[in-house]
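One structure is given here, and the rest of the page talks about it.
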Amino acid sequence: MEKIIEHAIITHVIFDVDGTILDTEALYNTAKIKVIARYGAEEQFTRALRSKTAGKQAIDVAEIITEECDLPLTPDEFIAELDMVLKPILPTAQLKPGAERLIHHLADHNVPVAIATSSRRRTGKMKMSGHSDLFNLFSHKVFGSDDPEVGRGKPNPDIFLVAARRFEDPPSPENCLVFEDSTSGVQGALEAGMQVVMVPEHLIHPGATEVIDSFEEFDPVKYGLPGYDNDDNTFSNGY
């Protein structure tokens, strides 16, 4: 049964990146397994552990993995090794289906859009470099792992509140719509008082305003945003 959506009109939109706009999960998992395997602990990098670290800041992920996989590395050392593996593969990240169409549609209709990613600025820019024209449409980007104003990572609300404040005309939280794929991201957006459309890769958060399988299912009109025109279909499906 479809959830009945009742909400304030949306004026601003905030996007997560990993697993939401970009299909990076396989790239990150490949890199993590490669580092973990150097220490013979690849079997400890389970599906449950992958889900546990989804959407979290880099240092939080590193602390969890080094502890649960019993690695002889500090979290900072793990991050340094991971970066070496990620550097050549992150720019190859592909867009998720429907992401390009939606982002262009919002920008074309002057709906302010921003990024709220748990990534560090360095790796964030690396993965966005393959789609620079698209990411240039965003008014600003908040990189949670090294932004001094983001005190706590997802599932806390800090990153979303910072992203909202940095819009040229800062909106009230209830007028912001967030797109997220992780339960920690959805929780953070909800705690910020925002509406959340979840495009899940794993677990579903029961509090999400709406859950869709892909951006191709999203109807902007439900949220008071401009509807798609026929010529919006000219964009690729993301692959």
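The values are calculated or read from the model by the stated rules, or taken from the named source; none is laboratory data. Note that the structure is predicted; figures quoted are calculated from it, not measured. Cβ: placed from backbone, ideal geometry, glycine included. Neighbour counts: every protein chain shown. Heads up: the accessible areas ignore ligands, DNA and RNA and are worked out on the full protein's heavy atoms, side chains in. Shrake-Rupley method; radii C 1.70, N 1.55, O 1.52, S 1.80 Å.
Rounded if a/c is under 1.5, else prolate if a/b is larger than b/c, else oblate: which is segment 180-225, with a ≥ b ≥ c the root eigenvalues of its Cα gyration tensor? Judged from the Cα gyration tensor, segment 180-225 comes out oblate (a/c at least 1.5, b/c at or above a/b). Placing unit charges on the Cβ atoms of the charged side chains and taking the dipole of the chain about its Cα centre, the candidate lying farthest along the positive direction among 182, 9, 58 is 58.
For a test of the definition: using alpha carbon positions, the gyration tensor, and the 1.5 limit on a/c, classify segment 97-180 as rounded, prolate or oblate. Note, shape of segment 97-180 comes out oblate.
Taking 0.36 nm per residue of sequence separation and removing the Cα-Cα distance, the residue 172/residue 202 pair yields an extension gain of 7.8 nm. With a simple spin-label model that places each label point 7 Å from the Cα along the Cα-to-Cβ direction, the separation between residue 222 and residue 108 comes to 2.1 nm.
As a calculated quantity, the FRET efficiency between residue 76 and residue 51 at R0 = 35 Å, using C-beta atoms, amounts to about 0.90. Averaged over residues, the count of other Cβ atoms within 10 Å places the peptides 165-175, 12-22, 93-103, 206-216 in the sequence 12-22, 93-103, 206-216, 165-175, highest first. Taking every C-alpha pair closer than 8 Å and separated by at least 6 residues, the mean separation divided by the residue count of the chain gives a relative contact order of 26 percent.
Looking at the square roots a ≥ b ≥ c of the eigenvalues of the Cα gyration tensor of segment 115-239, which shape do they give, rounded for a/c under 1.5, prolate if a/b is larger than b/c, or oblate? It comes out rounded by the Cα gyration axes.
What the Cβ-Cβ distance of residue 92 and residue 68 gives, at R0 = 30 Å and to the nearest 0.05, is a FRET efficiency of 0.60. Positive end of the dipole of the chain (Cβ unit charges, origin at the Cα centre): among 172, 73, 162, the Cα lying farthest that way belongs to 73.
The mean sequence distance of close C-alpha pairs (under 8 Å, at least 6 residues apart), as a share of the length of segment 130-239, puts its relative contact order at 16 percent.
Each Lys and Arg contributes +1 and each Asp and Glu -1, all at the Cβ; summed about the Cα centre of the chain, the dipole is approximately 560 debye. In terms of the mean number of neighbouring beta-carbon atoms within 10 Å, the peptides 142-154, 189-201 order highest first as 189-201, 142-154. For segment 42-106, the carbon plus sulfur part of the accessible surface works out to 51%, probe radius 1.4 Å.
Among 28-34, 104-110, sorting by the average number of other beta carbon atoms lying within 10 angstrom of each residue, highest first, gives 28-34, 104-110.
Summed over all non-identical Cα pairs, the Kirkwood treatment of the chain gives a radius of 18.2 Å.
Relative contact order of segment 90-181, taken over Cα pairs closer than 8 Å and 6 or more residues apart, is 27 percent. In the chain, the DSSP-assigned H stretches of four residues or longer account for a calculated mean residue ellipticity at 222 nm of -9500 deg cm²/dmol, using -39500 (n - 2.57) per stretch and the full residue count as denominator.
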